[in-house]
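I have placed the structure first, in the form of structure tokens, so that the comments after it can refer back to it.
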Amino acid sequence: MLLIVSRDRTEYLKTEELLQKSEKLAAVGQLATAIAHEIRNPLTAIKGFMQLLTEKASKEELTYMNIISSEIERIEMITDEFMSVAKPQAVTFQSIDLQLLIQQVILLLQPQATMKNIFIELNSYGEMPFVYCESNQMKQVFINILKNAIEAMPSGGEIKVELRKKDNNHIHIQIIDEGVGISKERIKHLGEPFYSIKEDGIGLGLMICFNIIQQHKGTLSIESEVNKGTSVEICLPLD
């Protein structure tokens, strides 16, 4: 008599994967706190002395100091991203006009897009209800995704942002670019800590986006084809 016993290990593997991800995020949080702290202390001193030197600088020196100040601001932005990973701040949810919020983000990024010969088109289908969310976090998500789209289109082109009510309980946002695209092998790693497809990326932007959407009980998915473009889809509950 031959007895064969089989077990479905799907749930076990999913649980193990979630545990590994949780441990990795905890380690990232500790590392991010340490790095941000070590960077911020000397950065504060550098920024203060730069402001003093700027007051006495010549026109030529001022050009270089403005570049230095701009780079200091970029470092501050990176440390802020580290801190948002390490110590997520308390958020206040309220009803937001998501279409207006996205319009504001597009307006903010339009100069950068125009410089690269990129047109950003926003289309909404039907009446858009308000979404219960944290507006600053939502802005951060759309800024990150649209900036990624712009940077992926060195030859210019069009980015489409489409909003539609998926059903009575959800709103669907799709951002489609005509960029260089991402291989299937790389897509599955997007959102992992310190994994970036950009040469100067630190691999936190998309991870933060995934976390924010998850906190809002929504979903974020990415589809892409090399040399054709990328589509990012976000689904959010209405309440």
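The values are calculated or read from the model by the stated rules, or taken from the named source; none is laboratory data. Predicted, not measured: the structure shown is a model, and the values here were computed from it.
Observations on the model:
- Subset tally (residues that are basic (Lys, Arg) and within 14 Å of Pro237 (Cα to Cα)) for region 127-176: 3
- Test result for Leu108, assigned to a helix (DSSP H, G or I) and modelled with pLDDT under 90: yes
- For region 148-175, a residue qualifies if it is in a strand (DSSP E or B), under 16 Å from Val131 (Cα atoms) and more than 17 Å from the chain's Cα centre (by Cα), and the qualifying residues are Glu162, Leu163, Arg164, Lys165, His170, Ile171, His172.
- Residue check for Ile143: in a strand (DSSP E or B) and β-branched (Val, Ile, Thr): no
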